[in-house]
1. Only residues that are among the small types (Gly, Ala, Ser) and assigned to a loop (DSSP other than H, G, I, E, B): list them for region 252-300, please.
2. Can you tell me how many residues in region 47-77 are more than 20 Å from Leu109 (Cβ to Cβ) and either modelled with pLDDT under 95 or not in a strand (DSSP E or B) (or both)?
3. With the checklist (1) among the β-branched types (Val, Ile, Thr); (2) modelled with pLDDT under 95; (3) surrounded by fewer than 22 Cβ atoms within 10 Å (Cβ to Cβ) in hand, flag the one item Thr174 doesn't pass.
4. State all residues of region 273-302 that are under 24 Å from the mean Cα position of the chain (by Cα) and among the small types (Gly, Ala, Ser); if no residue qualifies, say none.
5. Which of the residues belonging to region 213-233 are assigned to a strand (DSSP E or B) and either at positive phi or surrounded by fewer than 20 Cβ atoms within 10 Å (Cβ to Cβ) (or both)?
6. Within region 9-46, which residues are β-branched (Val, Ile, Thr) and either at pLDDT below 50 or closer than 27 Å to Asn145 by Cα (or both)?
7. Quick check on Thr265: is it open to solvent by less than 10 Å² (accessible area, probe 1.4 Å), under 24 Å from Ile175 (Cα atoms), in contact (Cβ under 8 Å) with a residue 60 or more places away in the chain and not aromatic (Phe, Trp, Tyr)?
8. From the list Leu302, Leu278, exactly one residue is touching a residue at least 24 places away in the same chain (Cβ under 8 Å), within 24 Å of His79 (Cβ to Cβ) and out of contact with any helix residue (DSSP H, G or I) (no Cβ under 6 Å at 6 or more places or on another chain). Which is it?
Amino acid sequence: MRSVSNRTRVGLLAALTAFGAVLSTSSATAATQLNGDWAPFDRCPVDAPAMLAADGINAIATCVSSGSASGSITLGKSHVPTGNTDLQLGVIQRPDGTTSLVAPPEGALTADPAEIPGGLLGLMCPSGIPVVSGICRQLTDNNLNRVTATIEPAGAPRDFNMAAAFSTGEPILTIPVRIHLKNPFLGDKCYIGTTAEPVLLKPQNATAPTLSLQRFSADGTPNDDEGEMGRYTFDGADQSDTAFAVPGASGCGAGLLNWAVNLKTGLPSASGKNSVKLNSTTTYFGSPYDPAGLAPNEGRKLSEFWHSAKR
């Protein structure tokens, strides 16, 4: 490769740093706080038209929530611990066993950022390429070296199999995701996977969960005898997937550093060389205890109950 002058290298480094600083700002959205047994369903899309239209007989609107406090993901040569993950969906169930999925407006999956061990030094350095080696020499500041990875939704979940939540070794659903890498040099548009070519995760129970049933009042207060709502809880199952493929990186350093990230991390990576594990997940299914008793307004009553539980 043709050598790059010091002036060009410094200019490029400055541009990439400024690019990252401008795009790295973000604002957090406060989560809805729900009372009692409603609490896990704080993002359930109860006001989506498909949920509101459920009549309780031919279509039953249900809230689903699944979360894990920790886990890990391996993409090619990179192994990254994951933070808290939260998957929430609305599910329309029908008597013939078919279902439709409804994602919340912000997407079905949210996750805490996880720090990549070794940061940018681990992702790209050392390197004999002048531009990359120039970046490597700048990484004495931990803030410049630090890289966070966040799993984000990259499409609507599909292929939902409610029965798989009871068992092991069977995919529960397909979740299109992308991995967002953030660093001042990489900028804020650096992704592994895209909405056009996502990573397709198909989590399944690796260990069997324990099952319990809770009945509660419309506002979330526990009520074993006369509660309008019911909640199945599947607790303590490790979930995993080892069969997904991973595409190459895109948008890193305005696209100039895609190849550097791919080279060190071994991307793209074929199925069988990647894995994800979520430790001790808890999955909840919540719906009216007697959906048919609320016909033809089960979906609207579900929304009414959900809003009554707001703190």
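The values are calculated or read from the model by the stated rules, or taken from the named source; none is laboratory data. Values in this document were obtained by computation on a predicted structure and should not be read as measured data. Every residue, glycine as well, gets a Cβ built from its backbone with ideal geometry; the counts of neighbours run over all protein chains shown. Accessible surface areas use protein heavy atoms only, side chains included; no ligands, DNA or RNA. Shrake-Rupley method; radii C 1.70, N 1.55, O 1.52, S 1.80 Å.
1. Gly253, Ala254, Gly255, Gly266, Ala270, Ser271, Gly272, Ala295
2. Qualifying residue count, region 47-77: 11.
3. It is condition (2) that Thr174 fails.
4. Across region 273-302, the qualifying residues are Ser275, Ser280, Gly286, Ser287.
5. Once the filter is applied, which keeps residues that are assigned to a strand (DSSP E or B) and either at positive phi or surrounded by fewer than 20 Cβ atoms within 10 Å (Cβ to Cβ) (or both), region 213-233 yields Leu213, Gln214, Arg215, Pro222, Gly230, Tyr232, Thr233.
6. Step one: filter region 9-46 for residues β-branched (Val, Ile, Thr), giving 10, 17, 22, 25, 29, 32, 46.
Passing the criteria: Val10, Thr17, Val22, Thr25, Thr29.
7. Working: open to solvent by less than 10 Å² (accessible area, probe 1.4 Å): yes; under 24 Å from Ile175 (Cα atoms): yes; in contact (Cβ under 8 Å) with a residue 60 or more places away in the chain: yes; not aromatic (Phe, Trp, Tyr): yes.
The answer is yes for Thr265.
8. Leu278
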